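One structure below.
Only the coordinates and a few stated rules stand behind these numbers; no lab work does. Everything numeric in this text was worked out from a predicted model, so none of it was measured. Here the Cβ positions follow ideal geometry from the backbone for every residue, glycine too, while neighbour counts run over all protein chains shown.
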Amino acid sequence: MMLAGLLTTGAHASAWDEFETRCLVPMENITPFITEGLSEGTPTSLGDVAWMPDMEGMQYAIPDQPLVMVVASNSVTCMMIQTEASGGDAFAPAEAWAEKSRASGRYEDLAAIRMGVRNINMGSTEWREPRIDMFGDAREDGTLPIFYVMETDLES
């Protein structure tokens, strides 16, 4: 299992792999976000780490990696932020996931949130209620990605 490998071997995973394992898959399955093996959480404002003012949460460091995970206090938003470039296109795996998710019909494209960067903004289709929104963006060269998933009320 991917998670066991990430948590027990100390293997370095990409920002996307950590996000998918710790945030996205648990959100899809309506289970808690995975903070096992991370630093002790510290209180933070999501306005400090992203563009979500007025949202509070806990911030966790990914050991030996330039990654920060943030979980909103309401437990319906989880973010993964790469804090330093680590070489290569860190955004390509997310784009590959988006392509597969569109083709499968599990997700559909939503309007772009930020222009001028590479980004993905996808909403779940009717397989998941309440629906979820998955967003990611990075610099044009694919470095310094940020990913988040959150429950929405788009079905109402």
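Against the condition more than 16 Å from the chain's Cα centre (by Cα) and under 26 Å from GLN59 (Cα atoms), how does PRO93 come out, does it pass? Taking the combined requirement at face value, the residue does not satisfy it. Note on region 98-139: residues that are under 25 Å from ASN29 (Cβ atoms) and of a type in the set (A, V, I, L, M) amount to 8.
The criterion of being more than 17 Å from ALA13 (Cβ to Cβ), within 16 Å of the chain's Cα centre (by Cα) and β-branched (Val, Ile, Thr) does not hold for ILE62.
In region 105-133, which residue that is assigned to a loop (DSSP other than H, G, I, E, B) and among the basic types (Lys, Arg) is surrounded by the fewest Cβ atoms within 10 Å (Cβ to Cβ)? Show your work before the answer.
Step one: list which residues in region 105-133 are assigned to a loop (DSSP other than H, G, I, E, B), which gives 105-106, 110-117, 125-131.
From what is left, the residues that are among the basic types (Lys, Arg) are 106, 114, 128, 131.
Values: ARG106: 15, ARG114: 12, ARG128: 17, ARG131: 19.
Residue satisfying both the conditions and the ranking: ARG114.
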